[in-house]
Structure formats: structure tokens, C-alpha cells
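The values are calculated or read from the model by the stated rules, or taken from the named source; none is laboratory data. The model shown is predicted, which means the values in this text are computed figures rather than measured ones. Here the Cβ positions follow ideal geometry from the backbone for every residue, glycine too, while neighbour counts run over all protein chains shown. All accessible areas refer to the heavy atoms of the entire protein, side chains included, with ligands and DNA or RNA removed. Shrake-Rupley method; radii C 1.70, N 1.55, O 1.52, S 1.80 Å.
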Amino acid sequence: MAEILNAHGSRNDIFVTALTPADFASKTDLRSFVRNLCDRRGPFGGDGVYFYDADPIVPEAWFFNPDGSAAEFCGNGMRCLGRVILDRRGLETAEIRSGSREYTVRRGATTPEGVRQVRLEHPAVDFAPKYPATPVVAGRNPAVQVRLPELDPALAFTAVTIPNPHLVALVDKYVESDLVAMGEQVAARRETFPAGANLSVLLPLAPDEVFVRTFERGAGLTASCGSGMAAARAVYSRIGRADPERDVLIRNAGGTATASLRVRDGQWFPVLEGNATFVYHADIDPAALTQPEPQPAPHHPYPDEIRAYAALDEQNSARLHAIGIETA
């Protein structure tokens, strides 16, 4: 038996478990486990799985999207995993290796509602486009943005690697169906986007407040995307809308986070602080979850954490409703 923890960052719900990919007999079993665990038609359901090994000095982690594909890391998931490691070791700061990089996680402030937060420091962003595209001169940074007419001829996109690949478009109105249509095109155009890409729209609300929504590769439209928020924050400064080190409040369909950019040696390192909320834990048989039609297991919830986040989320929902942003 193994324990799974269901946690979320801005309602991007991630499973965290002290298993490793090597615990599965084959890659097929590993993919089946991830798909069955994340399948919302089944007994659990989520937006991805973080496996981890806490024994090394620097814990090692592996993230998988709900379709069973691997990713370098997950921003919201890393905050949830980070809290697990910090609590387990009784630390204020820890390093975690995910993919080819190490990430720093720190305990953040607890909100007045009682929501626990974690601060995540990302690697430096890379703005070099990885896709065939036509550069455009825009804002204070010529040739930073590119045209991708197959997605939307009226929008300019900024390519960001963080380290997952992202495309970010500045918009003056949020239309969810447009984002989904563009995200599906990115997923379908493997010849143009061979590694796939997370596609985000960035809507400024005030000088220090923005709305971000992401269509994630391997997951589709989720309540939020941690690396998408960090990528959008970098773009916000890249196009001259905010000084890099300024804190900007990022709203999304599932909550809020605060992001800034540390400037070091001419590079930008996004720092994102947001909730890491525990929802429930359950004991499961990993082998059983590799089989069709897995059986449910008792869920043991964290009611205080659920109530605290609901109070915080209600404030965000009211703000989005007041400014006319509608999300599914």
C-alpha cells in the first residue's frame, strides 16, 4: 500500500506520493497509474502526479501530466510537494530536484483566513522562441513578440521557457473559448510545436494586478498553472508593463498568487508565492491502479484547510465577477 496526498495550488489539484517511477514494472504501468489516478470519471481525479524520493539530501521528484506524459516540473505542484518536504524535515527552506534542475521552496506567510502558502523560486527565464514564427516590433523590446497566425492573426505571442515551454499573449478581453481553441491547435500542431507548449493569456487589470489563464499541454484547461503564472509575470515586465522586482498580484480561475522577478547577472528568476492546500489523503494499492476500472479508497479530508481556502477563494471569485471575467 502507498499513501497519496491530494493537494492544490489555486485549485490546480495535484497528487503527491512517496513513490518513484522505478516502483512500477514498466512505463506502461506507470502511465496507466497516472491516467487512472487523474481520471475524473474514476475514484480520484486530478491535474497531475508528483512522485518523490525524500531520502537524498536534495529530494528528487518526477512530475507526470494526467495523460501520462512526463514534464520537467509543475509550478503549483512543486509548491504542494515543497510543503510536504518542509513539513517532513521541519525546515523553512529546501531544495528539490525535478527533471534536470533544482528548485528552492520556502515557507510563505499564512493568510488571515489560515491558508498555508509556499514561496517557489524558478530558474532563469529564456525568451528565445523555439518555434517557427514571424517577429514583430512591439513595446520597449523590439522583436520580443512573434506572430503565429495559425493560432490568432491578431495576437502577438511571447515565447518563454521556464523550464517548461510557454506561449503568452497579452489580451484586452478574456474569452475562454478562444483560449481553448488556440490551445487545442498548439496540441495538434506537432510539426510546429514538437515539444508542445503551455498557452496562456494575460489580461492586465491594474498596474500591479493581472488575470492569467493557461491551456496546459497534457492537461488542457485547468483552474491555474504555476509555471504559466510565472511565465506571464516575466512577459509582463518584458513588454514594459512593470518593473521586474515589483510584486504583481496574479488572479486566475482557482485563486491568486503573488509574483516578482529576481534580477541576477542580467537574468530574471521568477518568484511565485501562493497556497499549498491539503485536501485529502488516501491509502491505495499502486498495482491495482494500473488496471482498468480501479476501485475507490476511503478519503481522509483536511476540513480546516478546505474551509480556509474556500473563504479566500470566495474573495477572488467576487473580484473576477465584478470585472466581468467568466470562467468554467
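Extension gain for residue 323 to residue 39 (0.36 nm times residue separation, less C-alpha to C-alpha distance): 98.9 nm. Counting only protein heavy atoms and a 1.4 Å probe, segment 198-328 has 42 square angstrom of accessible area per residue. Comparing Cα centroids, segment 199-224 and segment 9-29 end up 25 angstrom apart.
The chain: longest stretch without exposed GluC sites (Glu not before Pro) (DSSP loop, at most 10 other Cβ within 10 Å), sites themselves excluded? Between the exposed loop sites, the longest stretch runs 192-325.
Estimated from helical segments only, the mean residue ellipticity of the chain at 222 nm is -7000 deg cm²/dmol, where each DSSP H run of four or more residues counts as -39500 (n - 2.57).
Kirkwood radius and radius of gyration were both taken over the C-alpha atoms of segment 149-299, and their ratio Rg/Rh is 1.04. For residue 279, the residues whose amide H sits under 5 Å from its own are 6, 7, 8, ignoring neighbours fewer than 5 places away on the same chain, with H placed 1.01 Å from N. Within segment 25-40, find all residues whose amide N lies under 17 Å from a label point positioned 7 Å from the Cα of residue 180 along Cα-to-beta-carbon. 40, by backbone N distance to the label point. I want to verify a result. In a Gaussian network model of the chain, Cα cutoff 10 Å, which of these has the top mean-square fluctuation: 100, 227, 260? Comparing 100, 227, 260 in the GNM, the peak value goes to 100.
Extending 7 Å from the Cα toward the beta-carbon at both residue 205 and residue 245 defines two label points whose distance is 2.6 nm. By how many degrees, between 0 and 90 and to the nearest 10, does the Cα long axis of helix 303-322 differ from the longest principal axis of the chain? Approximately 20 degrees, to the nearest 10. Cβ-Cβ distance of residue 88 and residue 287, R₀ of 35 Å, FRET efficiency by 1/(1 + (r/R0)^6): the value works out to about 0.90.
Length available on full extension from residue 23 to residue 54: 0.36 nm per residue minus the Cα-Cα distance, which gives 9.7 nm. Residue by residue, segment 269-274 carries 3J(HN,Hα) couplings of 10, x, 10, 10, 10, x Hz when phi is fed to the Karplus relation 6.51 cos²θ - 1.76 cosθ + 1.60 (θ = phi - 60°); x denotes Gly or Pro.
Residue separation of residue 2 and residue 104 scaled by 0.36 nm, minus their Cα-Cα distance, works out to 34.1 nm of gained length.
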